[in-house]
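Asks: I'd like to ask some things about the structure below.
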Amino acid sequence: MVEKMFSFLFHKVFPEIIPFLAGFFTAIFAEPIRRYLFKPNLRLDFVNNGDFVALTPERAGDIQIKAYYIRIKATNTKNVTAKDCKAYLVNIEKLDTSGDFKPTDYCDSIPLAWSCQNIGEQYNGININKGVNQFADVVTTRHFVSVGEVMYPTMVNQSVNSDILYPQIKLTPFRYEGIFKEKGTFRFTVQVTSANADPKTIRLILVWDGVWDKFNVRKG
């Protein structure tokens, strides 16, 4: 009796059930597995050189501006396109007298600008293909050139204490403006997200003494 039952199961039931189960589980798990195996992989980098700390002269009407743009680089190491990538400033900390980084009032995730994009589009999501470098601007240091400097380029800076540190976020709420008027050592945390890749995070440490071209920045 038992032998007949096993024979029936092995020869009649299992041959029909196994293909069904295989198809069932394939339908459920194939797409998640495919996405896991073939999804893009974002990589974030910072090196203290001219690619990441970019000297960028600007002009506002008749006013000349000297500026450095401090940027991070996002690349995709896989052949699958990373879609709708966006960069955010997610945290700002400041070094205290004890040598520890402490939270500032900043508690939002505000979009950062992608470099070299059309005006009005720099905060939009972008697609990143393998082998393509995309930079996101984090902060800028700016110096507004005085009339005296224009007339006498070799003279001592006439705009003492007028240099500014400014974040490249989509908007700067009034409650955060005080952070960027302070001097000290700051740690900025940037996160880059994608519609089809895991988010990645990078930190930059900036030593800011209030002079547009005398700062120090490193990956932290």
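Asks: If you take the alpha carbon radius of gyration of the stretch 42-219 and divide it by 2.2 N^0.38 Å, what ratio comes out, to two decimals?
Replies: Values: Rg = 17.1 Å, N = 178, 2.2 N^0.38 = 15.8 Å.
Output field value: 1.09.
Asks: Ok, one more. Neighbouring Cβ atoms within 10 Å as the yardstick, rank 39, 214, 73 fewest first.
Replies: On the way: 39 14, 214 11, 73 17.
Fewest-to-most ranking of 39, 214, 73: 214, 39, 73.
Asks: Follow-up question, since we're still on this one. Highest mean first, how do 89-95, 199-205 rank when packing is the count of other Cβ atoms within 10 Å averaged over residues?
Replies: Values: 89-95: 18.9, 199-205: 16.9.
Descending mean neighbour count gives 89-95, 199-205.
Asks: Using the Karplus equation 6.51 cos²θ - 1.76 cosθ + 1.60 (θ = phi - 60°), what ³J(HN,Hα) coupling, rounded to whole Hz, does each residue of the stretch 86-101 give in order, writing x for Gly and Pro?
Replies: Karplus values, whole Hz, x for Gly and Pro: 9, 10, 10, 8, 9, 6, 9, 10, 10, 6, 9, 5, 7, x, 10, 7.
Asks: Now, a different point. Ranked from highest to lowest mean number of other Cβ atoms within 10 Å per residue, what is the order of the peptides 131-142, 46-57? Mind showing how you got there, number by number?
Replies: Details: 131-142: 19.5, 46-57: 13.4.
Put in order of decreasing packing, that is 131-142, 46-57.
Read-outs: derived from the displayed coordinates by stated rules, not from any lab. Owing to the predicted nature of the structure, the values given are computational and were not obtained by experimental measurement. Heads up, the Cβs are rebuilt from the backbone with ideal geometry, glycines too, and the neighbour counts pull from every protein chain shown.
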